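Okay, structure first, notes after.
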Amino acid sequence: MFPLRPALSDLPGTIPVFPLPGALLLPRARLPLHIFEPRYLAMVEDCLKHPHRLIGMICPRGGRTDEPRLSAIGCAGRLVQFAETEDGRYLITLSGLARFRLLDEVGGFTPYRRFNVDWSSFARDLGPQEEDPGLERAVLLDLLARYMATKNLGVDWEGLGDAPDEVLVNAFAMLAPLSPEDRQALLESPDLTTRRETLVTLVEFALRGGKDDEVLQ
């Protein structure tokens, strides 16, 4: 039985990885996925056989689907929701557990990739929700509202306005249509404050149209 609140020693040394450009999973956040490729259908089926039910989300280098090289750091999520469609596709939800560092790839006969991983740098991911003492909620919400409006994306502002610091920052980090490289930078942020500061910098840069001048109004 996999513990509800695992320690580093409870985590497996080898996990399947799902290379998906632009997808971002963060600890204690949830990521819905639509699985249809045969190799990843097999991955989900195998995942359900293990008590930990972990899948490692990771971005290919350069954000390209045909790139075999992967980023050094990903985030493992526990499969917490599963549904099968009539045509054999899977609709799943991963709950972010902890980040990991890739080690060596494990050979074998699975159609998907598996890696030995190192969790030791990310023990804080298994702890309680983080707080961000420097968060100016109204300022952040205004900035993100303007940015999402430029992308014609709607957001449940009422629901997020009262959300805890971590839920708010991580929700926008995952929702914002940023490049794979920018999303990787958010993933690798060592703490919530750094992630929020990185997110603000990226959004302000985007609102300037990638130019070093005044933010567009």
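None of the figures in this text is laboratory data; all of them are computed from the coordinates on show. Quantities reported herein were computed from a predicted structural model and do not represent experimental measurements. We place every Cβ from the backbone using ideal geometry, glycine too, and count neighbours over all the protein chains shown.
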1/(1 + (r/R0)^6) with r = Cβ-Cβ of MET1 and ARG208, R0 = 45 Å, i.e. FRET efficiency to nearest 0.05, evaluates to 0.30
Mind giving me the FRET efficiency for ALA123 and ARG39? R0 is 35 Å, r the Cβ-Cβ distance, nearest 0.05 is fine. 0.65
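Extension gain SER9-ARG101, at 0.36 nm per residue separation less the Cα-Cα distance, in nm? Spell out each step's value before the answer.
Values: separation 92, 0.36 × 92 = 33.12 nm, distance 1.54 nm.
Here the segment from SER9 to ARG101 would lengthen by 31.6 nm.
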Fraction of antiparallel bridges per DSSP, the chain only, in percent to nearest 5: 90 percent
Specify which residue in the list GLY159, PRO133, MET148 is farthest towards the positive end of the charge dipole of the range 115-174, using unit charges on the beta carbon of Lys, Arg (+1) and Asp, Glu (-1), about the Cα centre. MET148
Please compute, for the alpha-carbon atoms of the chain, the extent along each of the three principal axes and give them in descending order in Å. 54, 34, 34
Can you tell me the dipole magnitude for the range 137-207 around its Cα centre, using point charges on the Cβ only (Lys, Arg +1; Asp, Glu -1), in Debye to the nearest 20? 200 debye
Compute the acute angle (0 to 90°) between the alpha-carbon long axis of helix 137-150 and the principal axis of greatest extent of the alpha-carbon atoms of the chain; round to the nearest 10°. 80 degrees
Asserting the computed 222 nm helical MRE of the chain (DSSP H runs at least 4 long, -39500 (n - 2.57) per run, divided by residue count, to nearest 500) equals -9000 deg cm²/dmol
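Let's test the formula: R0 of 22 Å, r as the Cβ-Cβ distance of GLU131 and THR194. What FRET efficiency results, to the nearest 0.05?
Details: r = 13 Å, r/R0 = 0.60.
Given R0 = 22 Å and the Cβ-Cβ separation, E is 0.95.
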Angle, helix 192-207 long axis vs. longest principal axis of the chain, Cα atoms, 0 to 90°, nearest 10? 60 degrees
Tilt of helix 38-47 relative to the longest C-alpha principal axis of the chain, in degrees (0 to 90, nearest 10)? 80 degrees
Extending each Cα 7 Å along its Cβ direction at ALA72 and TRP157, get the distance between those two points in nm, one decimal. 4.0 nm
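Filter the trypsin sites (Lys or Arg not before Pro) in the range 108-217 down to the DSSP loop ones having no more than 14 other Cβ atoms within 10 Å, then list what survives.
Working: sites: ARG113, ARG114, ARG124, ARG137, ARG146, LYS151, ARG183, ARG195, ARG196, ARG208, LYS211; in loops: LYS151, ARG208, LYS211.
Counting only loop positions with at most 14 other Cβ atoms within 10 Å, the trypsin sites (Lys or Arg not before Pro) in the range 108-217 are LYS151, ARG208, LYS211.
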Going by Cα centres, the range 1-16 and the range 163-192 are how many Å apart? 24 Å
